[in-house]
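I have placed the structure first, in the form of structure tokens, so that the comments after it can refer back to it.
The values are calculated or read from the model by the stated rules, or taken from the named source; none is laboratory data. Fair warning: this is a prediction, and the values are worked out from it, not measured in the lab. Glycine also receives a Cβ, built like all others from the backbone with ideal geometry; neighbour counts cover every protein chain displayed. Quick note on the areas: whole protein, heavy atoms, side chains included, nothing else; ligands and nucleic acids left out. Shrake-Rupley method; radii C 1.70, N 1.55, O 1.52, S 1.80 Å.
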Amino acid sequence: MHSIGETARASGLTVSALRFYDAAGVLVPAAVDPRTGYRWYAVSQLRAARLLAGLRRVSLPLAEITEAVRALPDVTVARRLLDVHLRRLQDGLADARRELSRIHALLDAEENRTIMTTTTHVTVDAADLAGALDAVRFAVGIDLEIPALAGVHVEVSADAVRFAATDRYRIAVAELVPTAVDGPAASVLVPGGFVTGVRSQVDRNPTAELAFGPDGVNASAPGWRITTDPLDHDFPDYRPLLPVRGAEGRRQVTVDATELRRALEPGRAPAVVREHLGVTHPVAVLAATDDGTVECVDEAAWHAAPDRYVAVNREFLLQAVAAAGGGQLVLDLDGPIRPLAVRLPDDDRSCSLLMPIRH
């Protein structure tokens, strides 16, 4: 038999912790002196105490600690509970990272609201601006319950202007190099209608001027001027989802845009559909092959090996391909839970991300 002090030293638990777990019925001493109330633990209980100490250090809930200790010497219960707890911790970490990202975005927005006391003037090539707007405006959201998605987020730095739009199911990002920037960095959410209006006019001139300041946002060139007030909503932070060139484990495939569109045509692509909010949508189920091409498979193949394929809304994929233009495209096929990225070769500035559909 071991005293409570010896058991504490051997297990890594404190004496007060052993008293607590005795009172809670988790680890009851083998014997208690009826005169002094002093607790004594059997040798076999030292293993249970060490396990209890470990489970406590990883913050396993008391009820699950009790279940694991009482099941000894059957360790399968403890293993199962630890697996569940690990998934719970991983989910909590992912939630915390998303929340921290959202908080940083709020801080950025607050910082930029202060900066917007000064107007930033940007000169851009009209063709570059038209291409960037075409690359993102198809992804602008229309859900009235999420007004932050009804616009295009614009970020201006000394050497780049980035546009981003999302409707939750896809994200489109395009970046251009400005001819000139006069003023501090700026970040603003502009209405989708403003982007549509600018796109309808920008082809009339070789260059265009953008201005972001306390009086609003405007785009102009000789013969036209479009002005808007920015949307007072926090755009979601999409940056953690963007593909990283050279990252380990990436499956990147170069495809011909025309051939990909042809392969996705009704009648050519296998008929796979899913229903969402009462509407049936065609699904493209894709995978990178060993010879560096892309295969589009049917429901049976997807069902047989769901972890091999990336499934996305087929119409969204066609729109992303069209927004990227013709020629060669790079697809990032990183498995069933990563977004499918569509971008031009050697272009890390612009891409479309399509959220995956699980089998």
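Below, the figures for the structure above:
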| item | result |
| --- | --- |
| So Thr227, is it in contact with a strand residue (DSSP E or B) (Cβ under 6 Å, 6 or more places away or on another chain), outside any loop (DSSP other than H, G, I, E, B), open to solvent by 10 Å² or more (accessible area, probe 1.4 Å) and among the β-branched types (Val, Ile, Thr) | yes |
| Residues (of a type outside the set (A, V, I, L, M, F, W, C) and either exposed (fewer than 15 other Cβ atoms within 10 Å of the Cβ) or at pLDDT 80 or above (or both)) located in the stretch 231-248 | Asp232, His233, Asp234, Pro236, Asp237, Tyr238, Arg239, Pro240, Arg245, Gly246, Glu248 |
| Number of positions in the stretch 66-84 that are among the basic types (Lys, Arg) and either exposed (fewer than 12 other Cβ atoms within 10 Å of the Cβ) or more than 20 Å from Val28 (Cβ to Cβ) (or both) | 2 |
| Test for His281: is it touching a Lys or Arg at 6+ places or on another chain (Cβ under 8 Å) and on the phi < 0 side of the Ramachandran plot | yes |
| Within the stretch 308-359, tally of residues that are within 18 Å of Val285 (Cβ to Cβ), assigned to a loop (DSSP other than H, G, I, E, B) and either open to solvent by less than 10 Å² (accessible area, probe 1.4 Å) or not basic (Lys, Arg) (or both) | 11 |
| Unique residue being among the aliphatic types (A, V, I, L, M), touching a residue at least 60 places away in the same chain (Cβ under 8 Å) and farther than 14 Å from Ala219 by Cα when the list is Val173, Val124, Val188 | Val173 |
| Those residues of the stretch 34-60 which are open to solvent by less than 50 Å² (accessible area, probe 1.4 Å), of a type outside the set (A, V, I, L, M) and out of contact with any strand residue (DSSP E or B) (no Cβ under 7 Å at 6 or more places or on another chain), in sequence order | Gly37, Gln45, Gly54 |
| Residue in the stretch 172-184 that is on the phi > 0 side of the Ramachandran plot and open to solvent by less than 50 Å² (accessible area, probe 1.4 Å) present | yes |
| Test result for Gly25, open to solvent by less than 50 Å² (accessible area, probe 1.4 Å), modelled with pLDDT under 90 and part of a loop (DSSP other than H, G, I, E, B) | no |
| Enumerated strands (runs of 3 or more DSSP E) restricted to the stretch 141-207, each holding at least 1 residues that are touching a Cys at 6+ places or on another chain (Cβ under 7 Å) | 170-176 |
| Filter result (open to solvent by less than 30 Å² (accessible area, probe 1.4 Å), within 27 Å of the chain's Cα centre (by Cα) and modelled with pLDDT under 85) within the stretch 249-291 | Ala287, Ala288, Thr289 |
| Breaking point among (1) modelled with pLDDT of 90 or more; (2) open to solvent by 70 Å² or more (accessible area, probe 1.4 Å); (3) not basic (Lys, Arg), for Asn205 | (2) |
| Condition check for Leu18: out of contact with any His (no Cβ under 6 Å at 6 or more places or on another chain), open to solvent by less than 30 Å² (accessible area, probe 1.4 Å), without any contact (Cβ under 8 Å) to a residue 60 or more places away in the chain and not in a helix (DSSP H, G or I) | no |
| Count of residues meeting criterion [polar (S, T, N, Q) and in a strand (DSSP E or B)] in the stretch 272-307 | 1 |
